[in-house]
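Accompanying notes for the structure given below.
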Amino acid sequence: MPAARPVVATPTPLPESPALDTTGFDTFLAGVRADAGRAGVSQAILQRALGNIRPLPRVLELDRKQPEGVLTWEQYRDRIVSSTRIENGRRAYAENRALLQSIEARYNVSPRVIVAIWGMETNYGSNTGGFNVVEALATLAWEGRRAEFFRKELMAALRILDAGHVAPERMQGSWAGAMGHPQFMPTSFERLAVDFDGDGHRDIWDNKADALASIANYLARSGWQAGQGWAIEARPPAGFDIERVDTESKRSMAEWSRLGWRRADGSPLPASGPEASLAVPTRSSGQVFLGLPNLRVIRRYNSPMNYGLAVGLLANSVA
């Protein structure tokens with residue numbers, strides 16, 4: 001919940017973004033219109049979606065100045081898996097328990113992990129992004145640095161609009177075009193978003209049933225194994241060097257035990273279960289995990305190791 005606002009002096013206005021040379025943007029848009037029209041997108045939708053857009057300097061600034069990720073694992077973990085996010089996650093879980101149970105029954109994916117990803121991506125739907133997705137994608141596709149990738153996403157966004165899943169004015173998302181509660185890119189939406197409530201629309205912006213079921217479908221299609229957990233925090237044997245670690249080899253729990261590994265609290269590892277590989281957080285000062293296959297599934301959603309581990313830790317805490 002929002003904190004009370006302190007009394008502060010009137011802030012100094014932020015400097016405006018520098019003027020952007022938009023030479024060639026209209027020609028670029030004409031090409032997009034032509035390609036989308038040939039693909040069957042209606043002229044009415046093209047006019048509504050593309051008629052008044054211009055390149056967004058702020059999108060280019062954010063694309064070029066992405067954070068370098070200098071946080072240690074412990075700093076990242078404590079910032080992401082915070083008491084506030086856990087408390088909000090428990091509330092979100094409780095408020096949506098019946099829906100989550102229905103989603104689990106269909107997709108066999110842990111509701112705790114669904115809620116954790118929801119919390120990671122958009123703080124349980126409270127911050128889904130304020131950019132016009134078509135305008136942001138057009139900016140990035142026109143700018144050229146990753147033109148092919150973003151043009152494909154732009155064309156997918158136009159197809160989604162043409163199918164009537166969302167109005168052009170409501171297709172809001174991040175500066176990079178990730179949309180709705182689950183922050184799907186348009187091509188991911190086309191492959192993996194679902195109409196869970198059967199109303200004929202796949203609405204990940206304003207329909208929690210569709211949004212949370214779409215997260216579940218993403219994980220299910222990526223190979224989620226029901227009832228298998230995601231990782232075990234582990235204590236390495238003497239002589240373990242965290243800087244020289246093999247994260248690719250998979251071993252049975254019995255093999256890890258024979259090599260001297262134990263749970264973090266010193267108790268034995270499980271006698272059986274799926275094979276595991278070492279999961280070492282980036283810039284960790286010592287915490288290490290035995291990653292189960294479901295950790296790889298979580299990382300199909302968003303690939304950084306620290307993201308996957310944080311989702312798992314948050315999932316453990318929200319329910």
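The values are calculated or read from the model by the stated rules, or taken from the named source; none is laboratory data. Owing to the predicted nature of the structure, the values given are computational and were not obtained by experimental measurement. Cβ coordinates were reconstructed from backbone atoms using ideal geometry, including for glycine residues, and neighbour counts include every protein chain displayed. Side chains included, ligands, DNA and RNA excluded: accessible areas come from the protein's heavy atoms. Shrake-Rupley method; radii C 1.70, N 1.55, O 1.52, S 1.80 Å.
Of all accessible surface on the stretch 214-319 at a 1.4 Å probe, what whole percent is carbon and sulfur?
That share works out to 44 percent.
Can you give me the Cα centroid spacing of the stretch 212-254 and the stretch 59-135 in angstrom?
Rounded to whole Å, the Cα centres lie 20 Å apart.
Send over a whole-number figure in Å² for the accessible area per residue of the chain, probe 1.4 Å.
51
In whole Å, what are the Cα extents of the chain along the three principal axes, biggest one first?
65, 48, 44
Nothing charged except the Cβ atoms of Lys and Arg (+1) and of Asp and Glu (-1): what's the magnitude of the dipole of the chain about its Cα centre? Round to the nearest 20 debye.
The dipole of the chain has a size of about 540 debye.
Using +1 at the Cβ of each Lys and Arg and -1 at the Cβ of each Asp and Glu in the chain, identify which of Gly173, Met155, Val245 lies farthest towards the dipole's positive end.
Val245
In whole Hz, with x marking every Gly and Pro, tabulate ³J(HN,Hα) for the stretch 158-164 from phi via Karplus 6.51 cos²θ - 1.76 cosθ + 1.60, θ = phi - 60°.
Karplus-based 3J(HN,Hα) across the stretch 158-164 equals 5, 5, 4, 5, 5, 6, x Hz.
In whole percent, how big is the carbon plus sulfur part of the accessible area of the stretch 75-210, probe 1.4 Å, protein atoms only?
44
Calculate the spin-label point distance for Glu255 paired with Arg48, positioning each point 7 Å from the Cα along the beta-carbon direction, and give it in nanometres.
5.6
Compute, for the stretch 259-306, the length of the dipole vector about the Cα centre, with Cβ point charges of +1 (Lys, Arg) and -1 (Asp, Glu) only. Units Debye, rounded to 20.
The calculation lands at about 160 debye.
Would you grab the residues whose amide H sits under 5 Å from the one on Ala231? Only those 5+ places off in sequence or on another chain, please, with H modelled 1.01 Å from N.
Amide H neighbours of Ala231, under 5 Å, 5+ apart: Leu292.
If packing is taken as the average number of other Cβ atoms within 10 Å across a peptide's residues, how do 96-104, 165-173 rank, most packed first?
In decreasing order of mean packing, 96-104, 165-173 become 165-173, 96-104.
How high is the relative contact order of the chain? Use alpha-carbon pairs under 8 Å, at least six apart in sequence, and give a whole percent.
Across the chain, relative contact order equals 19 percent.
Please list 3J(HN,Hα) in residue order for the stretch 112-128, calculated via the Karplus relation 6.51 cos²θ - 1.76 cosθ + 1.60 where θ = phi - 60°; whole Hz, with x for glycine and proline.
Whole-Hz 3J(HN,Hα) from phi for the stretch 112-128: 4, 6, 4, 5, 5, 5, 4, x, 5, 6, 9, 6, 6, x, 7, 9, 9.
Straight-line reach from Lys65: which lysines have a Cα under 24 Å away, not including same-chain ones fewer than 8 places off?
Lys152
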